[in-house]
Amino acid sequence: MDDPPDEYLEEQEELVGAGEQEELVDAGAEDAANGSAHAEQEEAVGDGEEEEIVDAGGETLDDYKYAPVEEAPPEEAKEEDASKPGDDEPVVQEHLRDSVEGSLRLKRLLSRDDNERAGKRLKDDDDGQRPIVQAKVNQLLTRWNLKTDVVMKHVLDNMSLEELNHVMATNYSPSKFDPRKTPAELVAAHILHMQEGKLGHGSRVDVVTAFKIRWKMTIEDEKTLRGLNHKDLRYVMDRFDGSIPLDDLITEASCEVPEGEEAGTKAAAPYRPGAATMGRFSRLELIDPLADAAVFGDANLSFSVQLAKHRKEMGHVGRVIATTFEEVDILRTRYQEIEESIKALEDHHAEVYHGIDCTRIAIDPRFQGMEEKLGAVYYNFPHSGAIQGFFDSHPVVNWRHENLMRLFFRALRSFVKPGGSVKVASNAGAVGVRYSYIVGSAIENEFQHVETMPFLEWHLHHYGRSYGDRRDMWKRPDAKNNQSYQSQNAMSDMVYCFQYAPSGKVLPKQSIRLPPTLSTLAECKDGPFKSLSGPAKVNLARQLHARFMKEVSGEH
């Protein structure tokens, strides 16, 4: 698995001086598009130093600035309804359509011009009050005197009516003189903080706290649950649905006789403290021994090898399916141990798939017939790839990280068996794939948040972490004892644990964060666009837009 992403944590951003330039790395390959795990955090250049902005492949902004401007191909007639598939889209089996619809819709939105996008937004939006939303957007732009700020308009256009009302009710006004962030970034952060206040913090959350948050219980209820032994606590958590008073269910649990060994590991240590004992299941990776397990975005396959060995030692018979986003030819140029890892996996009867986009597995023939077969899924340190010149939190690029998690969990709905586990490792302070994107996307797709445990307490954390991009060719971190990673606080690395609990109801269409239009990119004044003008700026906008199109198309 790869190391945490190339992201600036909030506290690290404060160290960046007004005259500094950032060495922002294009983590394009393994991180790109939706199947990779993250890249290492960018390093800030000290005050007064002139540093040429270079990406991981040695390209500079001049390579974009003076590259020939490619004329956009002539627009073909497009479908009026973005919910209708395009001619170039793959055929999707009806029962899997919901798993990939959001990804295909995102691609269609990117391919539309601004006028089509605006009209489609009005037509597609489930919120019948969209005209009111647009009126509030214009009102805020006028109030802040930012009507010409295209990035700010992009941020506000992505907001719901509830979020816009919150901004207006709090009389929030972004600073125009912040040395680190633009007004658009400040507004986006303000809304994120509001949303994250509903989910709680991104650090350690044990099984009792997660259960309390899910059912909106009182502090007294939490204290009662913490006093239960393992047998009673598991009984209550498995059966509580709000229809029976908690105290009655606890009394019922106390009358139950402990199950025998035939019930499996869940019946072990019935009279040990409940919260601590249940937490051991996640840390020791005591998963369904019969079900298949899939690993996504494992750049050098070292985590998959670790998992395969663990399952063999535990006597599991379920398969391990190890996947990478990149094709094997690219992996061979980065990881000299890749062939050894592949052989180790095959020796453990694991399957290795390359070129897998975890948001589009419903249209990947290698996953055909695997519906409801996965009992465990792993995705360590997800990241959509760093964009040269932008912080991961910038609204022009951050939508990719949020959509990655939304589309990932929606894709899993067809392939994870009820009761199956999903673990996503990330840093609690990450500003690319934020913890709220992980937890929020899981919950809206009926994956219950059961626990957040520190990464270093996880039995499987000892693997060879990597950057997951072209830097691994010359800058492989020393993964011994997991001390390779100096850019983020390892104590803040967490594993977010979920359990699939489908209700049987038809979920609404997967919501996605809208990408910026080509004209928004061309008029952007932030990041790498700051020093460009004329054809060079238009050329960079087209290249960035083309990259977005490749990412959402699952191209490598």
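Report the charge-dipole magnitude of segment 345-473 in Debye, nearest 20, computed about the Cα centre from +1 at each Lys and Arg Cβ and -1 at each Asp and Glu Cβ.
So the dipole magnitude of segment 345-473 works out to roughly 280 debye.
What full-extension length gain, to one decimal in nm, is calculated for Thr170 and His95 as 0.36 nm per residue of separation minus the Cα-Cα distance? Before the final figure, lay out each step's value.
Numbers: separation 75, 0.36 × 75 = 27.00 nm, distance 4.40 nm.
Difference between extended and current length: 22.6 nm.
Roughly how far apart, in whole Å, are the Cα centres of segment 352-380 and segment 184-232?
30
Sorting Phe240, Phe455 by accessible area (1.4 Å probe), largest first, what list results?
Phe240, Phe455
Contour minus end-to-end for Arg214 and Gln368, with contour as 0.36 nm per residue of separation and end-to-end as the Cα-Cα distance? Don't jump to the answer; show the numbers that get you there.
Details: separation 154, 0.36 × 154 = 55.44 nm, distance 3.35 nm.
Full extension from Arg214 to Gln368 adds 52.1 nm.
Taking a threshold of 27 Å on the Cα-Cα distance, which of the pairs Lys505/Lys550; Lys198/Lys231; Lys525/Lys550; Lys176/Lys550; Lys223/Lys266; Lys212/Lys423 fall above it?
Lys505/Lys550; Lys198/Lys231; Lys176/Lys550
What percentage of the solvent-accessible surface of segment 219-363, computed with a 1.4 Å probe over protein heavy atoms, is contributed by carbon and sulfur atoms?
On the way: 3600 of 7070 Å².
That fraction is 51 percent.
Just by accessible area at a 1.4 angstrom probe, what is the order of Asp357, Asp238 from largest to smallest? Display every interim value, and only then the final one.
Details: Asp357 10, Asp238 105 Å².
Largest accessible area first, the list is Asp238, Asp357.
In segment 168-258, with Lys and Arg counted as +1 and Asp and Glu as -1 at Cβ, which of these residues, Gly227, Gly200, Ala188, has the Cα nearest the positive end of the dipole, that is, farthest along it?
Ala188
Taking Cα centroids, how far is segment 285-320 from segment 520-556 in Å?
Rounded to whole Å, the Cα centres lie 40 Å apart.
Could you sort the peptides 362-372, 512-522, 199-209 by per-residue average Cβ neighbour count (10 Å cutoff), highest mean leading? Provide the component values of the computation, followed by the final result.
Details: 362-372: 16.1, 512-522: 20.0, 199-209: 17.9.
By packing density, highest mean first, the sequence is 512-522, 199-209, 362-372.
How much FRET efficiency would the formula 1/(1 + (r/R0)^6) give for Arg332 and Leu456, where r is the Cβ-Cβ distance and R0 is 35 Å, rounded to 0.05? Provide the component values of the computation, followed by the final result.
On the way: r = 31 Å, r/R0 = 0.88.
FRET efficiency, Arg332 to Leu456: 0.70.
The values are calculated or read from the model by the stated rules, or taken from the named source; none is laboratory data. Predicted model only: the values in this text are computed from it and were never measured. A quick note on method: Cβ atoms are made from the backbone with ideal geometry, for glycine too, and the neighbour counts reach across all protein chains shown. Accessible surface areas use protein heavy atoms only, side chains included; no ligands, DNA or RNA. Shrake-Rupley method; radii C 1.70, N 1.55, O 1.52, S 1.80 Å.
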